[in-house]
Amino acid sequence: MAETLRGRAANWLGLVPFIVFAVLFLILPTLYIVVGAFRTPEGAFTFQNIIGLNTASIRNAYWVSIKVSFMSALLGCAIGFAIAAAITLGSLPKRVRGPMITFSGVASNFAGVPLAFAFIATIGPAGLITMYLRTEWGINLRVYGWNLLSTWGLIVTYLFFQIPLMILIITPALDGLKREWREAAEVLGATGLQYWRMVAFPILFPSILGTMALLFANAFGAVATAIALTGPSLNIAPILLYAQIRGDVLGSPNLGYALAFGMIVITGLANTIYIVLRIRSERWLK
Amino acid sequence: MNKVFAWIAFLFGVLYFILPLFGMAEFSLSMRRGVYSLDAYRVVLADPQFQATFTFSVVMALVTIAFGILLVVPTAYWVRLKLPGMRPWVEFVTLLPLVIPAIVVVFGYIRLYNTSSWLPMTGTATGTNILLMFGYSMLSLPYMYRAVDTGLRAIDVATLTEAAQSMGAGWGTILARVILPNVLPAVLSGAFLTLAIVIGEFTMAALLDRPAFGPYMQILGANKAYEPAALAVIAFAITWACMGLIQLSTRFSKHTRAMS
Amino acid sequence: MAFLDLSNLQKSFGQNHVVKDFSIAVEQGEFVSLLGPSGCGKTTVLRMVGGFETPSAGSITIDGRDVTGLRPNQRAIGMVFQSYALFPNLTVGQNVAFGLKVAGVGRAERDARVAEMLDLIGLADLGARYPFQLSGGQQQRVALARALAPRPKVLLLDEPLSALDAKIRVSLRTEIRAIQKRLGITTIFVTHDQEEALSMSDRVVVMSGGRADQIGTPFEIYNAPATRFVAGFVGTLNTFDAVVTDPATGSVTLNGLPLALDRPLDAAKGATIGVALRPEAARLGRDPSREVVLPATITAVQFMGAVVRITAEVAGRRFDLDTFNRVDTPPPAVGGEAEISVGARDFILLGD
Ligand SMILES: Nc1ncnc2c1ncn2[C@@H]1O[C@H](COP(=O)(O)OP(=O)(O)OP(=O)(O)O)[C@@H](O)[C@H]1O
Ligand SMILES: [Mg+2]
């Protein structure tokens, strides 16, 4: 008895380095922020910081962030899905699949500062496409309301890594669709659309949702691309937090904690929604 | 109909990926008026700041990879061998960095490990560098852990361990001589991904005030026109190289598996 | 015109000629099996009927309608796959209802039909389960119910039993046949298991190399194989080369031993023809009711309980025969001499 107890304790010993690392550099820092969000500078419990988030500027920052993240996740999912379906379901020559997957691997990791530079050079005010359209076709994108340093500019830029990420994650799921399912549906009289609506899409739904949550969190926490693209001018949550950490622009450190706490809540919420929906839609799996 | 739709989707994707790359490449070559030239690259590469920050980031990446391997391989191995019940929990923790924004975590670092705290890591440059390295390890944890865990799934951990133990090997020997070589391709792909992430990383380095490549690029971007495009091309080439090396290492793994 | 008519079907994949000039007329309510070795084109024929492959030439009509160019969803066909292919996201009931739902059948009628079908396959209580909660045999029965629910004109089954274990396989094949008879549905059944084909079918098509070698009732296929291939593929066979001495009376010599086959032969005097015997047609010992007696040397005896399988050497060839076990007759000794009696009419003549 004592033997096995000691053995079990020794088993846990092997996990200690990981636990120490995770606690010190992931969990404790996060908890510190969370706890700080509910404390006064003197250390007393308060909701004042959370309430303090309710200013027009902070509300707007969250809202723009959510909009950018949601739209880039949604569009990334939709476009990435279409491309993944095109390369997996046999309508295109088999040769295009390998290069597309490889390229997606690269593009999904090409984020941050250089990505912003690439888009500035392409559709920024003096970018390649912008200039081309203006000189060759007389089309001035600005007149049509295009501005890279805006919400939509950010969305378009984020899509550069969101789409390939979706392709990478959804391709195995599409490969998992059995040919017989499609044939069984067809021979039972279903049209292609009915097959997708009643069989394929429900089967893929958890994967799509999961990727969507991942893409959302991915965009929501992205700081570098946004800062390199727009500087501190665009009012979104991560940039506001960045400015707060550097220079306490909110005038209260604890309000900064609350701002960061809000970000955790939102990405956490996205993932909770994902988990709940996933469990509900996976009743038919073991 | 299906075919048309598939081609449209595919070509849209190709254009979306190619145009920005083309744009940045073209821009990076346009420093001299009227002709294409490598001036922007020449200026960037000659910049001592570039050399210093780039070196800093590469070294950081290598240290991060070394630490990541030391942390992740034994942990993943141990969990598979002795604590299979804990696997979902460990996996959950390793996925947390995908949920909690990095900027929030680094905010916590700054407050938790500042000069007046119990562990004043940000007090010295070395301390801050170590803190940054831990931060990078945290960022790469989801990828590293998954890669290694997948690699371990393909081998029979328990049997290998028993075989090694029966020949008198200790834990260190088992890990270094038996387990690591078997998951080397997986470890390598995790390592190259870490390299790709760390070299251009901006948020943590900037907020911890370290002279890394990411913040350098951002500052240059705010002040120059053509050099940033050249930097973007370089960064893209590095990412591409890392991904190529990952593919190479997985191909290597298929090769060895076929041989065994 | 027959109910289901396949005429002169051809199919090539590139250079690969997979189905060659395949024709069969299937009557309404008939159960026809396609039997043949792996790669002979059984599945390809079935998939052409289902509409998943377009024939390179030839035509398919169902109930007087040419369906050759129609898509699978316009053919009113039911199909059961080897891998079950149940939709994993739908319950058993929803799977069975699928065909009715896409056809726009109303809720009440649909529910009634689903209940009826589940009753038919004996799984009335399992309508709310998901496929993963069923055994393989249950899943395949659900797949059958799903295929039958929209009242298809033709039912296609592609090796539906080969993923199941032996016991279920046997019980399910009786069940499938019973359901097929009850509904009177025209059925094509693909298998490479001869016992399955012989026991279930009204007619069997033996295929080789993309061609139908023989089409006939199980009795005909087994007892009067049209080609050497059919004879060799279906059942066990002892084959000999015989030299014709008198075509009119059917006299031949077998390794110098004269015997009468008791029927006119379609071969010239002096020609060599193939003759064969089933293991169960021969009898150990001298039997006055049988005309032919062959001297044999016993080379092996396999006691299997009810049946004793004896291997002997006859006319310089290996010869298998089966006898029933009898309490008063112990099996013969290996190496001993024996006599084997055969009826003259039991000899099977082998064509090419
Ligand atoms: N889509 C295809 N493209 C190319 N060749 C094919 C295709 N489908 C089948 N074949 C070839 O056609 C031949 C017959 O295949 P088929 O599946 O009809 O055989 P089968 O009789 O059903 O065999 P099995 O008993 O193994 O299922 C095989 O040689 C196969 O390789
Ligand atoms: Mg087949």
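Positive-end ranking of A:Ile87, C:Leu120, C:Ala276 along the dipole of the protein assembly as shown, with charges on Cβ about the Cα centre, is headed by A:Ile87. Cross-link pairs exceeding 31 Å in C-alpha to C-alpha distance, out of C:Lys42/C:Lys181; C:Lys11/C:Lys153; A:Lys67/B:Lys3; B:Lys3/C:Lys11, comprise A:Lys67/B:Lys3.
Take each peptide in C:140-152, B:59-71, count the other Cβ atoms within 10 Å of every residue, and average; sorted highest first, the result is C:140-152, B:59-71. Could you tell me which residue out of B:Ala186, B:Leu131, B:Cys242 lies farthest along the dipole of chain B toward its positive end? Charges go on the beta carbon: Lys and Arg +1, Asp and Glu -1, centred on the Cα centre. Result: B:Ala186. Taking amide hydrogens as placed 1.01 Å from N in the peptide plane, the amide H of C:Thr245 sits under 5 Å from those of C:Ser251, C:Val252, C:Thr253, C:Gly270, each at least 5 positions away in sequence or on another chain. Accessible surface ranking for B:Phe5, C:Phe319, 1.4 angstrom probe, highest first: B:Phe5, C:Phe319. Around the amide H of C:Met79, modelled in the peptide plane, lie the amide H atoms of C:Leu156, all under 5 Å away and 5 or more residues distant in sequence or on another chain. Modelled this way, with points 7 Å down the Cα-to-C-beta line, the labels at C:Ala300 and B:Ile219 are 8.7 nm from one another. With θ taken as phi - 60° and the Karplus curve 6.51 cos²θ - 1.76 cosθ + 1.60 applied, the whole-hertz 3J(HN,Hα) list for the stretch C:263-270 is 6, x, 10, 8, 8, 6, 4, x Hz, x standing for glycine and proline. At an R0 of 22 angstrom, the distance between the Cβ atoms of B:Arg32 and B:Ile8 translates into a FRET efficiency of 0.05. Once the Cα atoms are used to define both axes, helix B:157-166 deviates from the longest principal axis of chain B by about 60 degrees. Per the Debye formula on identical point scatterers at the alpha carbon atoms of the stretch C:26-112, with no solvent, log10 I(q)/I(0) at q = 0.26 Å⁻¹ is -1.33. Using Cβ point charges alone (K and R +1, D and E -1), the dipole size of the protein assembly as shown about the Cα centre works out to roughly 2160 debye. Using a Gaussian network for chain C with springs between C-alpha atoms less than 10 Å apart, which of these wobbles most: C:Gly335, C:Gly127, C:Gly137? Per the Cα network of chain C with a 10 Å cutoff, C:Gly335 tops the list. Gap in Å between the Cα centre of the stretch B:155-199 and the Cα centre of the stretch A:61-135? Distance between centres, Cα-based: 36 Å.
In this structure the amide hydrogen of C:Gln214, modeled in the peptide plane, comes within under 5 Å of the amide hydrogens of C:Val206, none closer than 5 places in sequence on its chain. Once the Cβ-Cβ distance of A:Thr46 and A:Leu24 is raised to the sixth power relative to R0 = 30 Å, the FRET efficiency obtained is 0.65.
A Förster radius of 60 Å combined with the Cβ-Cβ distance from B:Met86 to C:Ala115 puts the calculated FRET efficiency at roughly 0.80.
Under a model in which nothing but the beta-carbon of Lys, Arg (+1) and Asp, Glu (-1) is charged, the stretch B:1-100 shows a dipole of about 260 debye around its Cα centre. Among A:Leu234, A:Leu75, A:Leu141, determine the one that fluctuates most according to a GNM of chain A built with springs between C-alpha atoms less than 10 Å apart. Among A:Leu234, A:Leu75, A:Leu141, the largest mean-square fluctuation in the Gaussian network model of chain A belongs to A:Leu141. Centre-to-centre, using Cα atoms only, the stretch B:7-44 and the stretch C:226-267 are separated by 82 Å. Considering only A:Trp63, A:Trp181, A:Trp152, the mean-square fluctuation computed in a Gaussian network model of chain A, springs between alpha carbons under 10 angstrom, is largest for A:Trp181.
Computed about the Cα centre, the dipole magnitude for the stretch C:236-350 is approximately 80 debye when only Lys and Arg (+1) and Asp and Glu (-1) carry charge, each at its Cβ. The angle between the Cα long axis of helix B:125-153 and the longest principal axis of the Cα atoms of chain B comes to about 60 degrees, rounded to the nearest 10. The HN-Hα couplings worked out from phi for the stretch C:171-185 by the Karplus form 6.51 cos²θ - 1.76 cosθ + 1.60 (θ = phi - 60°) are 5, 6, 6, 5, 5, 4, 4, 5, 5, 4, 5, 4, 7, x, 8 Hz, whole numbers, x standing for Gly and Pro.
The Cβ shell under 13 Å around C:Leu100 holds other residues with a net charge of +3, Lys and Arg each +1, Asp and Glu each -1.
Between the stretch A:238-267 and the stretch B:212-236, the C-alpha centres lie 27 angstrom from each other.
Accessible surface of C:Met48, taken over heavy atoms with a 1.4 Å probe and every protein chain present, rounds to 0 Å². Projected label points at C:Ala57 and A:Ala243, each 7 Å from Cα along the beta carbon direction, are separated by 7.9 nanometres.
Per-residue ellipticity at 222 nm, computed for the protein assembly as shown from helices alone with -39500 (n - 2.57) per DSSP H run of at least four residues, works out to -17500 deg cm²/dmol. Between C:Asp241 and A:Val35, the simple spin-label model (points 7 angstrom out along Cα→Cβ) gives 9.7 nm.
With respect to chain C, whose longest principal axis is taken over its alpha-carbon atoms, helix C:107-120 is tilted by about 20°.
The values are calculated or read from the model by the stated rules, or taken from the named source; none is laboratory data. These numbers come from a predicted model, not from an experiment. Neighbour counts run over all protein chains shown; Cβ positions are idealised from the backbone, glycine included. Ligands, DNA and RNA are stripped out before the accessible areas are found, and what is left, the full protein with its side chains, is counted by its heavy atoms. Shrake-Rupley method; radii C 1.70, N 1.55, O 1.52, S 1.80 Å.
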